[in-house]
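Everything below concerns the one structure shown next.
The values are calculated or read from the model by the stated rules, or taken from the named source; none is laboratory data. Computed from a predicted structure; not experimentally measured. Positions of Cβ are generated from backbone atoms using ideal geometry, with glycine treated the same way; all protein chains shown enter the neighbour counts. Keep in mind that these areas ignore ligands, DNA and RNA; they rest on the heavy atoms of the full protein, side chains included. Shrake-Rupley method; radii C 1.70, N 1.55, O 1.52, S 1.80 Å.
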Amino acid sequence: MSKIITIKGIKKNFGENEVLKDINFSVNTGDVTCIIGASGSGKSTMLRCINLLEEPTSGEIIYNNQNILETKHIPAYRAKVGMVFQNFNLFDNMTVLKNCILGLRRVAKMDKETAKQEAMLNLEKVGMLPYINAKPKQLSGGQKQRVAIARALAMKPDVILFDEPTSALDPQMVGEVLEVIRRLANEGLTMIIVTHEMAFARDVANHVVFMHDGVICEEGSPKQIFGNPQKPETKAFLSRFLKG
């Protein structure tokens, strides 16, 4: 497998507060990497650094053999390394279809009809085709998140980053979103997922990264991390899940 993203020595400071402390890991094409850890451990900040929504204080992010911190083509990079946010980030004044077309027209420079067909194809993939004329306020949280996933998929990304994709959802809606992500994993889409859904991470990921206090404390296969964690911090974090 070829490496698609490599994180080297990433640090991130907010003033005097060092949130990320020398982060190093890599993602291969087809990997489903789940990042777990307590709130405040730096998971979402790391994801936002990968997408350049936060600029790392130091370090390198290598994508397709190029340090993207040195590139001037950030919109093109974000189109290929898409992001799905916990709060959906849909445009409330646009229909579902227009939300999915916008990036295709502005970033991918697609003509209107091609963009519409591409958007509809991906809305169908996530089960949202019947809602193309709805506005976000008419949708449930789970439906909004599926639209956000379709919008990211429409750009034909190499990687999709998911930042706690179910944390803003009512419990009964969590399953429908996780099922969409599970199907994408089975199709071989490369994904990095920050999640607090431990059973989902164990079942879907092929690589699990446990973060603690701004560092990667332990990483490995789901079998290693959930079945035989080595670090006391990992054991303590997983103790409630493992007992359940």
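Express the relative contact order of the chain as a whole percentage, based on alpha carbon pairs under 8 Å and six or more residues apart in sequence. Intermediate results must be reported in sequence, preceding the final value.
Values: 443 pairs, mean separation 63.1, N = 244.
After rounding, I find 26 percent.
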- prompt: Using the alpha-carbon centroid of each, what span in Å lies between the stretch 8-46 and the stretch 165-240?
  reply: 14
statement: Short to long, in 10 Å steps from zero, the percent of alpha-carbon pairs of the stretch 84-128 per bin is 28, 56, 16
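Going by a ≥ b ≥ c, the root eigenvalues of the Cα gyration tensor, does the stretch 27-105 fall in the rounded group (a/c under 1.5), the prolate group (a/b larger than b/c) or the oblate group?
oblate
So how strong a dipole does the chain carry about its Cα centre when Lys and Arg Cβ are +1 and Asp and Glu Cβ are -1, to the nearest 20 debye? Could the numbers behind the result be given before it?
Values: 31 positive and 26 negative charges, 108 e Å.
Roughly 520 debye, rounded to the nearest 20.
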query: Near Asp22, within a Cβ-to-Cβ distance under 10 Å, what is the net charge of the other residues, with Lys and Arg +1 and Asp and Glu -1?
result: +2
Shape call, the stretch 103-244: gyration tensor on alpha carbons, a/c limit 1.5: prolate
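Relative to 2.2 N^0.38 Å, what does the C-alpha radius of gyration of the stretch 110-187 come to as a ratio? Two decimals please.
1.09
Where a ≥ b ≥ c are the square roots of the eigenvalues of the C-alpha gyration tensor, would you call the stretch 36-168 rounded, which needs a/c under 1.5, or, failing that, prolate if a/b is larger than b/c, or oblate?
Values: a/c = 2.50, a/b = 1.38, b/c = 1.82.
Here the stretch 36-168 falls in the oblate category.
I'd like the antiparallel share, as a percent to the nearest 5, of DSSP beta bridges with both residues in the chain. Mind dumping the intermediate values first?
Values: 20 of 37 bridges.
Of the beta bridges lying entirely in the chain, close to 55 percent run antiparallel.
Scaled to the compact-protein estimate 2.2 N^0.38 Å, what is the alpha-carbon radius of gyration of the stretch 133-178, rounded to two decimal places?
Numbers: Rg = 11.2 Å, N = 46, 2.2 N^0.38 = 9.4 Å.
For the stretch 133-178, the normalised Cα radius of gyration comes out at 1.18.
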query: What accessible area per residue, rounded to a whole number of Å², is obtained for the chain using a probe radius of 1.4 Å?
result: 48
- line: When the charge dipole of the chain is computed with +1 at the Cβ of Lys and Arg and -1 at the Cβ of Asp and Glu, the Cα pointing farthest to the positive end, of Asn206, Leu69, Ala119, is that of Ala119
statement: Of 39-47, 196-204, ordering from highest average Cβ density within 10 Å down gives 39-47, 196-204
message: Over the chain, what portion of Cα pair distances is larger than 34 Å, expressed as a whole percent?
response: 15
query: Round to a whole number: what % of the accessible area of the stretch 55-209 belongs to carbon and sulfur, probe 1.4 Å?
result: 48
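Return the subset of Lys80/Lys112; Lys109/Lys137; Lys8/Lys156; Lys3/Lys235; Lys72/Lys137 for which the Cα-Cα distance in this structure is over 32 Å, preserving the input order. Don't skip to the end; give the middle numbers.
Numbers: Lys80/Lys112 20 Å; Lys109/Lys137 28 Å; Lys8/Lys156 26 Å; Lys3/Lys235 29 Å; Lys72/Lys137 36 Å.
Cα-Cα > 32 Å for Lys72/Lys137; rest within.
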task: Compare the peptides 89-95, 175-181 by average per-residue count of other Cβ atoms within 10 angstrom and give them in order, highest first.
output: 175-181, 89-95
